[in-house]
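Visitor: Can you keep this structure in mind? I'll have questions shortly.
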Amino acid sequence: MQWRDEGLILGGRKFGESGLILDVLTRTRGRRSGLVYGGASRRKRGQFEPGNSVELSWSGRLEEQLGRFDVAEATKQRASRLLDLPDALAAVAATCAILRGALNEGDEAGSALYDATLLLLDSLEEDDVWPALYVRWELGLLSALGFGLDLEACAISGWNDGLTHVSPRTGRAVRGSEAEDYVDRLFTLPSFLIDPAGEASQRDIVAGLELTGFFVERRLFHAVNKDLPESRRRLMTRFLRRG
């Protein structure tokens, strides 16, 4: 069997002396893995940095078995453009680690995230843009994988205005005025997540990361006995320091 696609490199692990088992998110076939002969060599290492875009072909005897990747030169090398932007590099690492850990091999639901992920990664040189986009990306990730939050109306009253919090138990929006007795147990819902034109302050970004991070960890990772990737925790720490 054989197929060709474009892909986003999520990471890799060494195989033998110089081989590399490469994990990619493809445009049409979801998350896929394949062996790259010589992929761990010093000459090729930079090509396979997480966040790079590549053209590749896969070949193997059976679709469900580990096959071989033939990878052309990277069509876009993102990490090398962000060396002077450590927060942006942290976002690349977190994005790729979350996709790598949350998507199963061959899970084509991941392809629904492909263009949104490229949009996020290509915005990382714009520091006033990407943090809010990153939070929205995690919200979209939850939705694409069937674990979306319900931010349309208050879970208590049914009203769709004045939404200020989210229940950690149900993932539904709540008006703080309707939940005064236990509002301190709810997550803050930053307005930019329900108003596309809303601006996001540093405090809003932190609140958004706390909200989406909780549900990404609980619904995507804990459900399969995994921890939230350490790179995602480091990204959160960076924003706490910013604030």
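Visitor: Quick one: in the stretch 122-163, of everything that is among the polar types (S, T, N, Q) and modelled with pLDDT under 95, which residue is nearest to Glu108 (Cα to Cα)? Full working, then the answer.
Guide: Step one: filter the stretch 122-163 for residues among the polar types (S, T, N, Q), giving 123, 143, 157, 160.
Retained after the next criterion (residues that are modelled with pLDDT under 95): 157, 160.
Numbers: Ser157: 37, Asn160: 33 Å.
Among those that are among the polar types (S, T, N, Q) and modelled with pLDDT under 95, it is Asn160.
Visitor: Now a separate question. Here are Phe214, Phe147, Phe192: which of them is outside any loop (DSSP other than H, G, I, E, B), under 17 Å from Ala102 (Cα atoms) and touching a residue at least 12 places away in the same chain (Cβ under 8 Å)?
Guide: Phe214
Visitor: Sort through Phe239, Phe147 and tell me the only one that's crowded, with 17+ Cβ neighbours inside 10 Å and touching a helix residue (DSSP H, G or I) at 6+ places or on another chain (Cβ under 7 Å).
Guide: Among Phe239, Phe147, only Phe239 is crowded, with 17+ Cβ neighbours inside 10 Å and touching a helix residue (DSSP H, G or I) at 6+ places or on another chain (Cβ under 7 Å).
Visitor: May I pose another question? All but one of (1) modelled with pLDDT under 90; (2) of a type in the set (A, V, I, L, M); (3) more than 19 Å from Glu55 (Cα to Cα); (4) surrounded by 18 or more Cβ atoms within 10 Å (Cβ to Cβ) hold for Ala74, so report the exception by its number.
Guide: The single condition Ala74 does not satisfy is (3).
Visitor: Something else now. Please verify whether the stretch 153-170 includes one or more residues that are closer than 28 Å to Leu103 by Cα, basic (Lys, Arg) and in a loop (DSSP other than H, G, I, E, B).
Guide: Yes, the stretch 153-170 contains a residue that is closer than 28 Å to Leu103 by Cα, basic (Lys, Arg) and in a loop (DSSP other than H, G, I, E, B).
Visitor: Inside the stretch 119-132, can you point out the residues that are of a type in the set (A, V, I, L, M, F, W, C) and surrounded by fewer than 18 Cβ atoms within 10 Å (Cβ to Cβ)?
Guide: Leu119, Val129 - these are the residues of the stretch 119-132 that are of a type in the set (A, V, I, L, M, F, W, C) and surrounded by fewer than 18 Cβ atoms within 10 Å (Cβ to Cβ).
Visitor: Let me ask something additional. What are the residues in the stretch 41-71 that are polar (S, T, N, Q) and either at pLDDT 85 or above or surrounded by fewer than 13 Cβ atoms within 10 Å (Cβ to Cβ) (or both), if any?
Guide: Asn52, Ser53, Ser57, Ser59, Gln65 - these are the residues of the stretch 41-71 that are polar (S, T, N, Q) and either at pLDDT 85 or above or surrounded by fewer than 13 Cβ atoms within 10 Å (Cβ to Cβ) (or both).
Visitor: Please find, among Val183, Val216, the residue that is touching a helix residue (DSSP H, G or I) at 6+ places or on another chain (Cβ under 8 Å), hydrophobic (A, V, I, L, M, F, W, C) and outside the structural domain of Ala90 (by TED's automatic domain parsing). Write out each step before concluding.
Guide: Values: Val216 fails: outside the structural domain of Ala90 (by TED's automatic domain parsing).
Answer to the check: Val183.
Visitor: Also, I was wondering about something else. Can you tell me which residues in the stretch 183-205 are over 14 Å from His165 (Cα atoms) and either surrounded by 18 or more Cβ atoms within 10 Å (Cβ to Cβ) or among the aromatic types (Phe, Trp, Tyr) (or both)?
Guide: Ala200, Ile205
Visitor: Which of (1) exposed (fewer than 14 other Cβ atoms within 10 Å of the Cβ); (2) under 16 Å from Glu105 (Cβ atoms); (3) of a type in the set (Asp, Glu) is the odd one out, the single condition Asp5 does not satisfy?
Guide: Single failed check for Asp5: (1).
Visitor: I would also like to ask the following. Every residue in the stretch 178-225 that is over 18 Å from Ala144 (Cα atoms) and of a type in the set (S, T, N, Q), please.
Guide: Thr188, Ser191, Ser201, Gln202, Asn225
Visitor: Given the conditions (1) part of a strand (DSSP E or B); (2) free of Cβ contacts under 8 Å to residues at least 24 places away in the same chain; (3) not basic (Lys, Arg), which single one is not true for Ala207?
Guide: So the condition that Ala207 fails would be (1).
The values are calculated or read from the model by the stated rules, or taken from the named source; none is laboratory data. Computed from a prediction, not measured in an experiment: that's the story for all the values here. Cβ sites come from the backbone with ideal geometry, for glycine too, and all protein chains shown count toward neighbours.
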